[in-house]
Amino acid sequence: MLTLLPAFPDNVLAVEASGEVTADDYQEVLVPAIESILTDHKRVRLLYVLGEDFDGYSGGAAWEDAKVGMRHFTAFDRVAVVSDTDWVRRMVRGFGFVLPGEVRIYDNDDLDDARKWVSEPPSPGELVFHLDEQQGLLVLEPRDELEAADFDRVAAVVDPWIERNGALAGIAIVAREFPGWDDLAALSAHLGFVRSHHRSVGRVAIVTDSRFLAAMPRLAGLFVHAELKRFTLSERDQALAWAVAAPAGS
């Protein structure tokens, strides 16, 4: 069965699994709770506790679990799974990377740490950016969901520089996790920004430890004229240097 846990922030869904979890548990407990939070919040944080008396899932519950994941794929901001069960921990490690949000696994003894992490206040909602006019380097650091106005602010600074100096040497995108878009208008503005600027940039460095973002150079390479390369967060300095270095043979 699934039991909702009390005393969490209103954007956090905390649930404990015990005994056998069935399809009815998903339909009557989990799904209504997720959709209730989404009426007031754009993203949900999930704390999923599987205690020592957790016996597993029925076949119907496994299917409902998959449907919840597909239906609310972009809705999860953070997911903390608390379990000492080996197969659960392997499953989370194997599939957790596909979620846009951050996923962490905790031992049952570390429940307090999981509770604290999933309840942390969200970071300020803005796209932090800096244009190094000497090197022609634009550094973008998304801290929360991207908004249409974010790209207007960046364009207002970058476009005049491009008109005076030509193409940017490079762009560095620095993000621990991809925060997503605030709404459809933000996604449209993002695509429009890429479409109008991608031939005005020599290189794009993606600096992240996120597996989801790490795949972006392979995907974006199909659409973006610039040379792309991924770096880890610990390689930030190397990434900035690479972004402004002239490609070999140029």
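Bear in mind that the values in this text are calculations on the coordinates, not laboratory data. Given the structure is predicted, the values throughout are model-derived calculations rather than measurements. For neighbour counting, all protein chains shown are included, and Cβ atoms are generated from backbone atoms with ideal geometry for every residue, glycine included.
Here the simple spin-label model places points 7 Å from the Cα toward Cβ, and for residue 162 and residue 130 these points are separated by 2.2 nm.
Annotation: the residues 45, 236, 90, 230, sorted from fewest to most other C-beta atoms within 10 Å of their own C-beta, follow the order 90, 236, 230, 45.
Ordered by the number of other Cβ atoms lying within 10 Å of each residue's own Cβ, fewest first, 113, 144, 40 fall into the sequence 40, 113, 144.
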